[in-house]
Amino acid sequence: MRIEKIRSVFHPKSAIRNLRERMKKIRCPRCRKEATWEGNPFRPFCSERCKLIDLGNWAGESYRVPTRTQEEEEDGLPETGNSTVH
Ligand SMILES: [Zn+2]
């Protein structure tokens, strides 16, 4: 009897409802600002600005890779056994 009462308080339906409401809102990976997922064209970001900043960072990181290989080619001598070239 007592257990059944507790069960009715922690109803699984309310937990699912809570989760669904939580999933509707997301946190912007750039500025950590809360943003809505549904109807947000810039998701997972809160705004176009954050999306562009993040895309810029990605472009900057990918740009770093060829720069590194160039430095290695200039610095590292082929005698050191740098045969593993991708
Ligand atoms: Zn943001």
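Any read-out appearing in this document is the output of simple, stated calculations on the displayed coordinates, not a laboratory observation. Bear in mind that the values here come from a model prediction, so they are computed numbers and not experimental data. Virtual Cβ from ideal backbone geometry, glycine too; neighbours counted across all protein chains shown.
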Gained length - GLU34 relative to HIS11, 0.36 nm times residue gap less alpha-carbon distance | 5.5 nm
Sequence-distant or interchain residues sharing an amide H contact under 5 Å with ALA35, placed H: which?
-> ILE26, ARG27, CYS28
Between LYS25 and LEU55, what is the spin-label point distance in nm, taking each point 7 Å from the Cα along the Cα→C-beta axis?
-> 2.8 nm
